[in-house]
1. Since Arg50 meets every condition but one in (1) in contact (Cβ under 8 Å) with a residue 24 or more places away in the chain; (2) surrounded by fewer than 16 Cβ atoms within 10 Å (Cβ to Cβ), which condition does it not meet?
2. Only residues that are exposed (fewer than 15 other Cβ atoms within 10 Å of the Cβ) and not hydroxyl-bearing (Ser, Thr, Tyr): list them for region 80-98, please.
3. I'd like to know if region 92-100 contains one or more residues that are touching a Pro at 6+ places or on another chain (Cβ under 6 Å) and away from the ligand (no atom under 12 Å from the Cβ).
4. Looking only at residues that are within 6 Å of the ligand (Cβ to nearest atom) and crowded, with 20+ Cβ neighbours inside 10 Å in region 101-121, which one is nearest to Cys51 (Cα to Cα)?
5. Which residues, counting only those in region 44-78, are within 6 Å of the ligand (Cβ to nearest atom) and more than 14 Å from the chain's Cα centre (by Cα)?
6. How many residues does region 65-115 hold that are at negative phi, touching a Gly at 6+ places or on another chain (Cβ under 8 Å) and small (Gly, Ala, Ser)?
Amino acid sequence: MNYRVAAGLIALGVFTAGCSKPADTGASPAATPTGEATFASTVQPIVGQRCAKCHVDDSKGGLSLATLESALAGGKKGAAIAPGNADGSLLFQMVAGTAEKRMPPKGDPLSGTEIATIKAWIDGGAH
Ligand code: HEC
């Protein structure tokens with residue numbers, strides 16, 4: 001009985017973990033329960049809270065995150081977003097803390113959920 005419950009939970013865990021990893025095909029499993037993760041639906045709310053002062057009202061590092069187009073255009077280091085490849089995207093590396101510089105530069109880092117949301121959005125094609 002207990003074994004079955006445990007086995008079930010493990011199976012569920014594996015299944016969920018598998019699902020939360022966006023496919024490389026660009027056809028990402030929904031990052032939101034309602035459908036595709038888009039800039040407006042998932043990224044803009046985070047940016048608005050955590051990056052706006054420097055990347056919407058201003059364009060620090062030459063990067064404006066005001067619109068999807070400006071975000072994709074990148075900053076002085078070039079493209080900050082490689083659609084389909086979050087790990088290879090400077091913006092993701094910076095918020096995840098794997099780049100030399102972290103964003104936001106001051107204050108708390110983004111939460112794990114916010115970082116995962118940005119990753120899923122970029123891996124899903126950054127639409
Ligand atoms: C307090 C101001 C501030 C905040 C808030 C901030 N940034 Fe930055 N950001 C900067 C500055 C300054 C640079 C340029 C750093 C440099 O070149 O040394 C920069 C550079 C960047 C770059 C690299 C652009 C390039 O091409 O050089 C990315 C990507 C970036 N920020 C993303 C973000 C994201 C995403 C957020 C929100 C999670 C954020 N930043 C929040 C100040 C800020």
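Values quoted throughout were computed directly from the atomic coordinates according to the rules given, and no laboratory measurement underlies them. Since this is a predicted model, take the numbers as computed values, not measurements. Cβ sites come from the backbone with ideal geometry, for glycine too, and all protein chains shown count toward neighbours.
1. Unmet condition: (2).
2. Those that are exposed (fewer than 15 other Cβ atoms within 10 Å of the Cβ) and not hydroxyl-bearing (Ser, Thr, Tyr): Asn85, Asp87, Gly88, Gly97.
3. Checked region 92-100: no residue is touching a Pro at 6+ places or on another chain (Cβ under 6 Å) and away from the ligand (no atom under 12 Å from the Cβ).
4. Out of the qualifying residues, it is Met103.
5. Matches in region 44-78: Lys53, Cys54, His55, Lys60, Gly61, Gly62, Leu63, Gly74, Gly75, Lys76, Lys77.
6. Number of matching residues: 3.
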